[in-house]
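Contents: one structure, followed by commentary.
The values are calculated or read from the model by the stated rules, or taken from the named source; none is laboratory data. As the structure is a computational prediction, the values presented were derived from the model and not from experiment. Accessible surface is based on the protein model in full, side chains and every heavy atom, while ligands, DNA and RNA are left aside. Shrake-Rupley method; radii C 1.70, N 1.55, O 1.52, S 1.80 Å.
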Amino acid sequence: MSLHLSPVLAELEQYPFARLDDWRAEVRARGVDPIDFGMGDPREITPPFIREALLASVDEVSSYPRASGLPELRTAIAGWIDRRFGVTVDPATEVVPTLGSKEAIFSFAQVALGEKRAVAVPEPAYPVYERGALFGGGSVVAVPLRESTGWLPDLDAFDGWDEIAVFWVCYPNNPTGAIASPAFYEELAERSRAHGFLVCSDEAYSELWFDAAPVSALQVSDRTNVVVFNTLSKRSSMTGYRSGFVCAPQAICDALRSFRPTVGTAPQEFVQRASIAAWTDDAHVADVRALYARKRETILPALEAGGLRLAGSAATFYLWLDVGGPSEPFARRRPDALVREHRRVDRTRHDGRHVGDGRVGRADRRRCPPGRRRRDRRCPRAARRGAGDRGGRSVYRLPLRDRRGGSHRA
Ligand SMILES: Cc1ncc(COP(=O)(O)O)c(C=O)c1O
């Protein structure tokens, strides 16, 4: 029997980490004990008061959690948004608790794509924006991030404004560690209103900064088209709890409240109660920041002494380093250092390079959903024109982690 599964699945090629795993095995076979910067989880402890709040909330009877989330949690999230960003949001209508932010990011295209089906995704980027768009039946427009523009998309170079339904941004950025200015968000929000698309701002790293607290897209003067995703995973070292939120205008939250009960992605109530404790406290977050700063101070000088140049990383726990050339040969030459590729780690092109390599792509590189031909009128114009790459430098992302193992990419 032949199975006809999603064509998007067939398109997902080997995860490059598998290759890095082979290299690591080679190094180990030679008796080297590597410092592993590879994929994993934070090893920082979840603060005791959060764990205790969870334990105290496990009831004898277990019921289905509601997709709208506990009112107390929504109030705690709105309170944090107010304290942190000085923005007042209505907890009843503008906040939806999520099961971590990944699932909400992934499924957003299923809610947001109507007549317009193109999604603008930064390159390099967390792969979930693209995968969510493709599994949601959309097409992807790659928007390159370059050092010359501070790893921000060049909004003047982008020409697909009228075709897109969603424009994804992520600041502080995974993987470059760059941060965005209020003016950048303001301009993007203005364009979103002029051209009728949604700005989706993934702010998973908003609390991991070194010098100055990053701003949020929520701070723009008109939030009509702005959707923000945040999470406790990094802020409170709670990756295993799966707790985040979407904050958006009521119409978007209403759509999510209609969609999400079908998907069944409401966080468990004991997790929601632990999350109330986490969002209500800011002191532990300062401790987390100090810890990452110490790790950075420890490792960065060593890497710089090895000839690597810091090319970003104003925030987050990633170090974004210029290795002076293409990244994969560098990693291959330096296996003992176990430097991990920064690239968007999910797809390998036919020529063996990853899309998202430091060789940045053209602003008009677009992808059609698998199974849809480039001539198809539902594909954006530029996708029908074809794809292209420009030469450039490669950089590595080094997620900071301690020697017990684990890093920080879910
Ligand atoms: C940029 C970015 N966004 C979102 C997430 C998802 O985080 P979570 O689902 O744990 O909330 C991650 C996880 O590593 C991430 O790196």
> So for the range 115-229, what are the equivalent ellipsoid semi-axes in whole Å, largest first, each being the square root of 5 times an eigenvalue of the Cα gyration tensor?
Replying inline: 21, 16, 13
>> Please compute the Kirkwood hydrodynamic radius over the range 197-252, one decimal place, Å, based on all pairs of different Cα atoms.
In response: 12.2
> By accessible area of protein heavy atoms, probe 1.4 Å, what ranking do V323, V95 get, highest first?
Replying inline: V323, V95
> If amide H atoms are built 1.01 Å from N in the plane of the peptide, which residues on other chains or at least 5 residues away come under 5 Å of the amide H of G312?
Replying inline: W320
>> Translational diffusion coefficient of the range 29-162 at 10 °C, 1.306 mPa s, Stokes-Einstein with Kirkwood Rh over Cα pairs, in µm²/s as a whole number.
In response: 82
> So how much accessible area does I35 have, in Å² to the nearest 10, using a 1.4 Å probe?
Replying inline: 80
>> Leaving ligands and nucleic acids out of the surface, order E72, E123, E94 by accessible area at 1.4 Å, largest first.
In response: E72, E94, E123
> Tell me, what is the per residue accessible area of the range 184-244 in Å², probe radius 1.4 Å?
Replying inline: 28
> Just the accessible area for W209, please: 1.4 Å probe, Å², rounded to the nearest 10?
Replying inline: 50
>> Can you give me the accessible area per residue for the range 18-133, using a 1.4 Å probe, in Å²?
In response: 48
> For the range 206-211, in order, what is each residue's ³J(HN,Hα) by Karplus, 6.51 cos²θ - 1.76 cosθ + 1.60 with θ = phi - 60°, in whole Hz (x at glycine and Pro)?
Replying inline: 4, 9, 9, 9, 10, 9
> Between W209 and residues 5 or more places away or on another chain, which pairs have amide H atoms under 5 Å apart, with H built 1.01 Å from N, and which residues are they?
Replying inline: T316
>> How large a share of the accessible area of the range 129-274, in percent, is made up of carbon and sulfur atoms when the probe is 1.4 Å and the other protein chains stay in place?
In response: 52
